[in-house]
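To start, the structure under review is shown below, and the notes come after it.
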Amino acid sequence: MATITSITLHSSTSSLHPNFHSSLLTFSPKHTHDHSSFRVAVRSVSSTRQRLLSHTVPRALSIRSAATKPAKSPAEEDWKIKREYLLQKKVRSVDVKEALRLQKENNFVILDVRPEAEFKEAHPPGAINVQIYRLIKEWTAWDIARRAAFAFFGIFSGTEENPEFIQSVESKIDRNAKIIVACSAGGTMKPTQNLPEGQQSRSLIAAYLLVLNGYTNVFHLEGGLYEWSKEELPITSEE
């Protein structure tokens, strides 16, 4: 059986302040990966309104295992490399109001890459959901090691990259479509004093995978669905 050689606990918080009238929108944190570690996060649960106004992600885990890890996927590429490629391919970020206008007036598709459960709770009308990360499904030595590490901290819903992400997108969205990729927090490619290379997010990882696989009209939702809800833009629910 695989053994865990190193487990590191990191603090990670994210304050989100969405403002919906009747629909629930909860967010999961960004997932970042490198060749020897992955990160997952736990959503805190409070009352509906309080979850929307102050959503905090208490912890993130880095787990190292003696089990054989699969070869690094494109999604696990260093953020610096991904960011450079996105800029090279002229992937542009749009704010939430522009995204809504482009969706209504220019037939842009909003691709929501959050988990399916979150999408069903609340999402922009007309958005299409393909989750870029999913619950761990397999039972290889590597997966068992990860499950054990999560369980050690009382986490029984660890996630992994969705290997069918591109295939699912291709089945739902034409390759020539104009796509705005969205997640909870959004991330950014813009440099700041504290983040000279911007900040990675699920939507930026998804945008990177899309342009790698031939999609040429890819945009990124700056501020994510947090900003969408903050601006009180239209929301629908499937529940």
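Counting only heavy atoms of the protein chains and using a 1.4 Å probe, Ile173 has close to 10 Å² of accessible surface.
Close amide H pairs (under 5 Å, H built 1.01 Å from N) link Val181 with Leu111, Phe219, His220, Leu221, residues at least 5 positions away or on another chain. Taking a point 7 angstrom from the Cα of Thr216 along the C-beta vector, which residues in the range 159-183 have backbone N less than 14 Å away? Taking a point 7 Å out along Cα→Cβ of Thr216, the residues of the range 159-183 whose backbone N falls under 14 Å are 175-179. Heavy-atom accessible surface of Leu195, to the nearest 10 Å², is about 70 Å², with a 1.4 Å probe and all protein chains retained. Among the protein heavy atoms, those of Arg101 account for about 100 Å² of accessible surface (1.4 Å probe, every chain in place). In order along the range 186-195, phi translates into HN-Hα couplings of x, x, 7, 9, 6, x, 10, 4, 7, 10 Hz, rounded to whole numbers, per the Karplus curve 6.51 cos²θ - 1.76 cosθ + 1.60 with θ = phi - 60° and x for Gly and Pro.
Applying 0.36 nm per residue to the separation of Glu197 and Leu135 and subtracting their alpha-carbon distance, the gain on full extension is 19.4 nm.
Straight-distance candidates among the aspartates and glutamates for linking to Lys178, with alpha-carbon spacing under 17 Å and chain neighbours fewer than 8 residues away dropped: Asp95, Glu98, Glu105, Asp112, Glu170, Glu222.
Per-residue accessible area (protein heavy atoms, 1.4 Å probe) orders Thr216, Thr236, Thr192 as Thr216, Thr192, Thr236, starting from the largest. Computed from the Cβ-Cβ distance with R0 of 22 Å, the FRET efficiency linking Lys104 to Glu84 stands at 0.10.
The values are calculated or read from the model by the stated rules, or taken from the named source; none is laboratory data. For clarity, every value in this text was computed on a predicted model and none was experimentally measured. Cβ atoms come from the backbone with ideal geometry, glycine included; neighbour counts cover every protein chain shown. Note: areas computed on protein heavy atoms with side chains; ligands, DNA, RNA excluded. Shrake-Rupley method; radii C 1.70, N 1.55, O 1.52, S 1.80 Å.
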